[in-house]
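Have a look at the structure below before the remarks.
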Amino acid sequence: MDEKEILSRAQQYIAEEKDEKFRKEVEELVSKKNMEELEDRFYQSLEFGTGGLRGIMGGGTNRMNTLNISKATQGLANYIIKAFPEEAKKGTLSACIAYDSRHNHDKFSDITARVFAANGIKAYLFTGMRPTPELSFAIRMLGCKTGVVVTASHNPPKYNGYKAYWADGAQVVEPHDKGIIDEVNAVKEVKLIDREEGIKSGKIVLIDKDVDEKFQSMIKANLYRPELIREKASSVKVVYTPLHGTGAMHVEKVLGDLGLNVITVPEQREGNGDFPTVEKPNPEEAPALKMAVELAKKEKADVVMATDPDADRFGTAFPDKNGNYVLVSGNQMGALLADYVLLSKKEFNKMPKNPALIRSIVTSPFVDFISKKYGVALDEVLTGFKWIAYLEGEYEKAGNKNYVFGLEESYGYLVETEVRDKDGVSAAAMCAEMTLYWASKGKSLLEHLNDMYMEYGYFEDRAISKYFEGIKGPGIMQGIMTKLRSEGLKTLGGKKVLKIRDIQQSIEFDPENPSAKTDVKFPKSNVLQFFLEGGTIVSARPSGTEPKIKFYINSRVPVAQQTEQALDAAKKDAGVLCDAISAEIKAILDAAK
């Protein structure tokens, strides 16, 4: 794109952007003729993807700002009106809007509500920041046809995002995602109502306490052992951090109502879009939990809990026998929660007919073994919790299976059916109960996890990511995937590749006999999976929300005997294998240009 076209796009943006801050950013860049920065902001339009928008905040077509959000909401409103014509005629359509602690959350949520209201869709707008799972709950509670949460999850401070939801409380999936994208791309004019006029007329309705209380009551109602909690809660000390996000309100209230002693990291309790105490507010990464772990050591806490800014992800750490806090991975916590939920349902005769557990394709097969033990079906879906929620909805429509638990490796869990997205608040409550349960049996969660390894085998999981930012980034990532498809991989870490699953092409095949292909029934997605001898699975996928490509390693090594020595040997073997595979993947990424 040449300089003339870039400047033309910038001038058009200046003419359309109503927010003074974003408009002035671009005006200043134009006046200084900063073409490098202008090109990055205008070489493309921020794409409304299958989940919505996510990007760096600022003025420009390739940035998160009020203009892009107003157009996205207009397109979403247009689609909702067409999808529900009877409700549109009656004037009964409604939407719910929530936001977390990110910068510009007030501007972005406000203009979203004003566009919905101007299009005849009543906008329920939270008065303050709220978690993503509460947004999902509120859509269902209020009978809305859509919803939006303004969040960039655990991304760095310069990012914000816009996630769109459907009437079932789940993020939009096909065919609606494609339909909404078409409507967004076709927007020529945005309807907008004044905020005060909208509130006065009842087209914008402010919500808070009533939804909060029902959300909290739902979480407590889904626990299995309230008597145990009442009896033993005072014996457990929890250190918790919301990482400057939305979680404190609900986690403190729910766990406090249960009688648990909750100590929140004071420096990280309040919402702050700068996330000043962490590089990234991501509970998947040990540095984000550093302050919580330090406080836990001081307080001699039994568990460290963390939620990300929109409180849909949930991270933990537990003290080992030496008092050192061990960060529990998403796969490990998912296995622990799955085991606890299933054993509890069985014990209290709450296991439904035809129960089913759902995990993403890049999540450890650890839960497959647990599901089999309890006679629960195991279904795989694409990466992204929206697919777990979608399949849960399909179970309901077909009446053939009943959802009991869902998980993904990136610290996402859903222990109830009233929410249709991952829920870090409910996971915190269930984890607290689970900790008390195993303590009543004389075991810590780490000790129980080792017992599970001895029963099912030792599972080790790794994730390797590399960012490719800027104009060339998407092409580099696509080049990596193209090369993997065309050249293939015969071995990884000294293990033979027995099967390749190409979800983009909807096929599986043996690399030694590539002509003999079988179909796979997933929606098309740019994912490759390599199944190695011995049971290890390696998956490759470019991120749909960030400029990075990610590789996942899920390995399993059987434990020869139920002894600590045998478990240690299995851990050592798994580590050696994962190290070898990781080295090969890093070489592939380093060679990419």
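The values are calculated or read from the model by the stated rules, or taken from the named source; none is laboratory data. Computed from a predicted structure; not experimentally measured. So basically every Cβ, Gly included, is an ideal-geometry build from the backbone, and we count neighbours across all protein chains shown. Side chains are part of the model used for accessible areas, which takes the heavy atoms of the whole protein and leaves out ligands, DNA and RNA. Shrake-Rupley method; radii C 1.70, N 1.55, O 1.52, S 1.80 Å.
General remarks:
- Members of the range 344-370 found to be open to solvent by 50 Å² or more (accessible area, probe 1.4 Å) and closer than 20 Å to E380 by Cβ, listed by number: N354, F369
- Residues (closer than 30 Å to G273 by Cα and either open to solvent by less than 10 Å² (accessible area, probe 1.4 Å) or aliphatic (A, V, I, L, M) (or both)) located in the range 319-343: V326, L327, V328, G330, M333, G334
- For the range 1-103, the helices (runs of 4 or more DSSP H) that sit wholly inside it and include 1 or more residues that are charged (D, E, K, R) and within 26 Å of D182 (Cβ to Cβ) are 3-16, 35-42, 66-83, 85-90.
- Residue match in the range 491-501 (condition: assigned to a helix (DSSP H, G or I) and open to solvent by less than 20 Å² (accessible area, probe 1.4 Å)): no
- The range 545-579 - residue that is of a type outside the set (A, V, I, L, M), farther than 21 Å from S410 by Cβ and assigned to a loop (DSSP other than H, G, I, E, B) and, of those, nearest to the chain's Cα centre (by Cα): P558
- Consider the range 277-290 and keep the residues that are in a helix (DSSP H, G or I) and either free of Cβ contacts under 8 Å to residues at least 24 places away in the same chain or in contact with a helix residue (DSSP H, G or I) (Cβ under 6 Å, 6 or more places away or on another chain) (or both). The one that is farthest from V236 (Cα to Cα) is P287.
- Scanning the range 250-263 for residues being without any contact (Cβ under 8 Å) to a residue 60 or more places away in the chain and under 15 Å from V425 (Cβ atoms) gives a total of 5.
- For the range 391-408, the set of residues classified as in contact with a Lys or Arg (Cβ under 8 Å, 6 or more places away or on another chain) and either under 24 Å from T307 (Cα atoms) or of a type in the set (D, E) (or both) consists of E392, V404, G406, L407, E408, listed by residue number.
- Inter-residue pairs, beta-carbon under 6 Å, first more than 8 Å from P242 (Cα to Cα) and touching a residue at least 40 places away in the same chain (Cβ under 8 Å) and in the range 264-276, second open to solvent by less than 40 Å² (accessible area, probe 1.4 Å) and charged (D, E, K, R), 6+ apart: G273/R102
- Criterion: over 18 Å from the mean Cα position of the chain (by Cα), of a type in the set (G, A, S) and within 27 Å of A570 (Cα to Cα) - qualifying residue of G473, G457, G399: G457
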